[in-house]
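The values are calculated or read from the model by the stated rules, or taken from the named source; none is laboratory data. Being a predicted model, the structure only gives us computed values, none of them experimental. Positions of Cβ are backbone-derived with ideal geometry, glycine not excepted, and every protein chain shown enters the neighbour counts. Each accessible area value is taken on the protein alone, full model and side chains, heavy atoms only, with ligands, DNA and RNA left out. Shrake-Rupley method; radii C 1.70, N 1.55, O 1.52, S 1.80 Å.
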Amino acid sequence: MPPPPPHRRAAARAFVRTRAGRLLLPVVAVAVLGLVLGAAVAATIHVPAVASIADYAHDINTVLFDRGGRPYQEYFLESRFLLAEGEVPKLLQDALLVSEDRDFFTHAGIDVPGIARAALGNFRQGRRSQGASTLSMQAAGLLFLDRQQRTWKRKITEAFYAVELEKTLSKQQILTLYCNLIPLGHHNYGFESAARYYFGRHTSELSPAQAASLVAIVPRPSEWTPIKKPELVTRRRDRILGLMLEAGALDAEQYALAIAEPMKTVARKREARVGPYFAEEVRRYLYRQYGERGLYQRGLQVHTTLDTAIQSAAEDALRRGLFELDRNRGWRGPVERLGAEAAESTTLPSWSGLALEPGVWSQGVVATVSPQRAEVRIDDRRFELLATDAAWTRKSLPAILRAGDVAWFEIGAAATAGEPKSVGEPKSAGEPRTAGEPLARVSLVQESEIEGAVVVLESATGAVRAMVGGWSFERNEFNRATQARRQIGSAFKPFLIGAAYESGFTPADTVFDAPAVFAGADNLPTYSPRNFSRLYYGITTLRRVVEKSINVSSVKLQDLIGADRVIDFARRCGIASPLHPYSSLALGVAELSPLETAAGYASIANQGIHVEPYLIESVTTPDGRALETHQLSAAKAMEPTIAYLLTHTMRGVVERGTGSELKSLGLPIAGKTGTTDSYADAWFAGFTPRYSIVVWVGYDKVRSLGKGMTGAQAALPTWKLLAERGLAEGWIDAAEDFQAPPGIVFRQIEPWTGLLANGRESESITEAFLSGTEPVQEYQPRWQTIMSLPWYQQRAFYGKPKDGENMPEDIVDWSLVENVKDSE
């Protein structure tokens, strides 16, 4: 093509020198450059197939539901709740379009005038400060491109993808896609997730000001949020509201109300997690089964066996039980000493998002201390600690606390009777308290160093209704309910007695309790167990062996029936941990987890049927397609008659034995205490007609809980607290009872000898027998049956003689007998 004539070239140069020419030239140059660059880039771009983009799988939260269908835990990389096509509210749509793409419904994916305006603005400023992306381009970028890139190649690629989207999807589909994809800060993706997070509402419930506020976040979601920069977001919100007014999306009255609305987000309280150990057990399973993407991106709907009422009761009971045990060991001192100069200025990390409500535990900074009271600062509020609320330390307040000390406190109610139950009074640093002004009370507490675990299992189904794996999941995620295996002590004895009943023994059969030597692990006669009380009972029934947890007789019984039978019985009940056929097995040297112990006891409670414990009822996709459904796994562990004999025997532990503290509940409870050497582990495992409940208490690193800390002293109180809560809330029914199966008969027997009562019913107990095994011999005065036994082996057996009874002459000191306390 020949060059233009000289006069035309001169005219062009003259036009460029005019003001209009100077303004138009950059636009033309940018447009030409863009066309050339676009043509070059287009040759290298591979446009993906987007024909099926309507079926694009968004990353969706995995949600855990309790047995009532209520969500209690979520897992996600991007928190997202999807809006379906047509669910984007008009108010939100209007705010979005006036701010981001007012010609969305008329362009074909690319806004050419908008690109020209942005190019001209960027040229004038000498940098890329303005974008020209339509909603279609932004949606395409969110789907296919790296959001962090800000290059012209990316912009051109975005445009090509946008055109492809427009060819495939409707405008409403693109709009919905965008509204579900857009990041909006604090790990929220999509407007529905952001609306819930910032305002505690669904998008359909947003006010005009709130809708405009969410749209104001769009350009810089990592920085511009109502939490990080509320003033900036308010200014941008007001500008968007003004654009909505101009576009007719709001009338003057709506605009005025929206402008006046304060920027108020929902309080981001630290949420109290329900069943964190339970949820973590489920999470680990889902990760193994479905992988990382399946767990965090597929939106699994996981219906679990968790009962939140029972779980809450279990968590509270264990926390109270451990707290009482720990504080009985004394005050260990403050968490930290900051010094008096820091008392008013320090901010503790644990205060972030803390809900200051009655019953909450929080670290606090001591502001002032006197013998009668101290003032404690928690966040921006003041609380009062009275000397009586720290009396458990057995020391005065000045002896244990000083200004600047950091300690744990439990928030209580207002201190002054009749005053409003306000939780603390906001105070600026150093501001004095007005005389008579009520402060909320706090009590001095300390985190327990002692750990524990609780499992509540529905015996008939195997459903785990509650699981607590320790004092605090935040402190330590190790789940002692499933991951810890500790010696079980005498809580193993029901498996021994069950094997004995299968071997033909009855609860009324007797063994001779006296010092004895058995084969040890070296197969030599080197093992000589001792009773807990160091006293021996002489001839005693198997029932009494269980009720009083008699050690020597237990080992002797295992020696009679064989350790292999005991192991086989325990295996059938669901005990999977290693069990070795040593004499000490009878005393519970086996290391079991609380969950398998609960499963073993549930096999007895469930009339001899072992059901595998489980935590997940079903896993489905977001659209309801089932991925897995729980299938009951059950097997016969023992005959129903054996299970009932064992249950009836274990009820005696509560009626007359080491678990008698539970008798006041008035419930049918069968159970067994367990204590290991040096009081390192304390157990109480028991069951009602519906639930099998196991409590374990101990230190993570094996050491003594303290002298006398048996299962009855250390674990049973937690079990009792839980049962009391169950009675009060109705999930434990006092009217339920254990039902005897066919083949069981009952007789009144004399409790010491196991013989028929012979008219002495006032001193008898009701005993259960397999039909045909009940005793036929009647009771004779007990001294006739034991006269030949040496006194030193029987003194714990005797009671003080009654008037008119003649006793052996070698009985010299009844005070020894009167003071004997049976235990493990």
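Tabulated results
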{"quantity": "Candidate set: segment 60-80, residues that are in a loop (DSSP other than H, G, I, E, B) and open to solvent by less than 10 Å² (accessible area, probe 1.4 Å); chosen: the one nearest to GLY291 (Cα to Cα)", "calculated": "ASN61"}
{"quantity": "Spans of helices (runs of 4 or more DSSP H) in segment 711-824 with at least 1 residues open to solvent by 30 Å² or more (accessible area, probe 1.4 Å) and at pLDDT below 50", "calculated": "782-786, 814-818"}
{"quantity": "Test: residue in segment 554-569 that is open to solvent by 10 Å² or more (accessible area, probe 1.4 Å), closer than 15 Å to ILE604 by Cα and either out of contact with any Pro (no Cβ under 7 Å at 6 or more places or on another chain) or in contact (Cβ under 8 Å) with a residue 24 or more places away in the chain (or both)", "calculated": "yes"}
{"quantity": "Selection count where residues are under 23 Å from ALA249 (Cβ atoms), of a type in the set (A, V, I, L, M, F, W, C) and in a loop (DSSP other than H, G, I, E, B), scope segment 182-233", "calculated": "5"}
{"quantity": "Residues located in segment 393-403, provided they are in contact with a Ser or Thr (Cβ under 9 Å, 6 or more places away or on another chain) and either under 16 Å from ARG329 (Cβ atoms) or in contact (Cβ under 8 Å) with a residue 24 or more places away in the chain (or both)", "calculated": "LEU397, PRO398, ILE400, ALA403"}
{"quantity": "Whichever residue in segment 644-698 is open to solvent by 10 Å² or more (accessible area, probe 1.4 Å) and of a type in the set (Phe, Trp, Tyr) and, among such residues, is farthest from GLU612 (Cα to Cα)", "calculated": "TYR679"}
{"quantity": "Test result for ALA140, open to solvent by less than 10 Å² (accessible area, probe 1.4 Å) and either among the basic types (Lys, Arg) or at pLDDT below 80 (or both)", "calculated": "yes"}
{"quantity": "Strands (runs of 3 or more DSSP E) (entirely within segment 601-672) containing at least 2 residues that are of a type outside the set (Gly, Ala, Ser)", "calculated": "609-611, 616-620, 626-629"}
{"quantity": "Subset of segment 507-534 that is aliphatic (A, V, I, L, M) and open to solvent by less than 30 Å² (accessible area, probe 1.4 Å) - its residue that is farthest from LEU770 (Cα to Cα)", "calculated": "ALA516"}
{"quantity": "Within segment 618-652, tally of residues that are over 34 Å from the mean Cα position of the chain (by Cα) and without any contact (Cβ under 8 Å) to a residue 24 or more places away in the chain", "calculated": "0"}
{"quantity": "Sole residue being at pLDDT below 90, surrounded by 15 or more Cβ atoms within 10 Å (Cβ to Cβ) and under 40 Å from the mean Cα position of the chain (by Cα), chosen from LEU96, LEU83", "calculated": "LEU83"}
{"quantity": "Enumeration of residues in segment 419-435 that are part of a loop (DSSP other than H, G, I, E, B) and either open to solvent by 60 Å² or more (accessible area, probe 1.4 Å) or modelled with pLDDT of 50 or more (or both)", "calculated": "GLU419, PRO420, LYS421, SER428, ALA429, GLU431, PRO432, ARG433, THR434, ALA435"}
{"quantity": "Subset of segment 454-483 that is of a type in the set (Gly, Ala, Ser) and open to solvent by 10 Å² or more (accessible area, probe 1.4 Å) - its residue that is farthest from THR673 (Cα to Cα)", "calculated": "SER472"}
{"quantity": "Matching residues in segment 330-356 - criterion: being over 27 Å from the mean Cα position of the chain (by Cα), open to solvent by less than 80 Å² (accessible area, probe 1.4 Å) and either modelled with pLDDT of 95 or more or under 30 Å from VAL454 (Cα atoms) (or both)", "calculated": "GLY330, TRP331, GLY333, PRO334"}
{"quantity": "Residue list for segment 235-252, restricted to those being assigned to a helix (DSSP H, G or I) and of a type in the set (A, V, I, L, M, F, W, C)", "calculated": "ILE240, LEU241, LEU243, MET244, LEU245, ALA247, ALA252"}
{"quantity": "Some residue of segment 495-502 being without any contact (Cβ under 8 Å) to a residue 12 or more places away in the chain, part of a helix (DSSP H, G or I) and surrounded by fewer than 21 Cβ atoms within 10 Å (Cβ to Cβ)", "calculated": "no"}
{"quantity": "Residue in segment 361-376 that is open to solvent by less than 10 Å² (accessible area, probe 1.4 Å), within 29 Å of the chain's Cα centre (by Cα) and in contact (Cβ under 8 Å) with a residue 60 or more places away in the chain present", "calculated": "yes"}
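Each row is one residue, and each column tells you yes or no for (1) closer than 30 Å to ALA723 by Cβ; (2) buried (at least 16 other Cβ atoms within 10 Å of the Cβ); (3) touching a strand residue (DSSP E or B) at 6+ places or on another chain (Cβ under 8 Å); (4) not hydrophobic (A, V, I, L, M, F, W, C).
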| site | (1), (2), (3), (4) |
| --- | --- |
| ARG288 | no, no, no, yes |
| GLU292 | no, no, no, yes |
| TYR296 | no, yes, yes, yes |
| LEU300 | no, yes, yes, no |
| THR308 | yes, yes, yes, yes |
| GLN311 | yes, yes, yes, yes |
| LEU322 | yes, yes, yes, no |
| ASN328 | yes, no, no, yes |
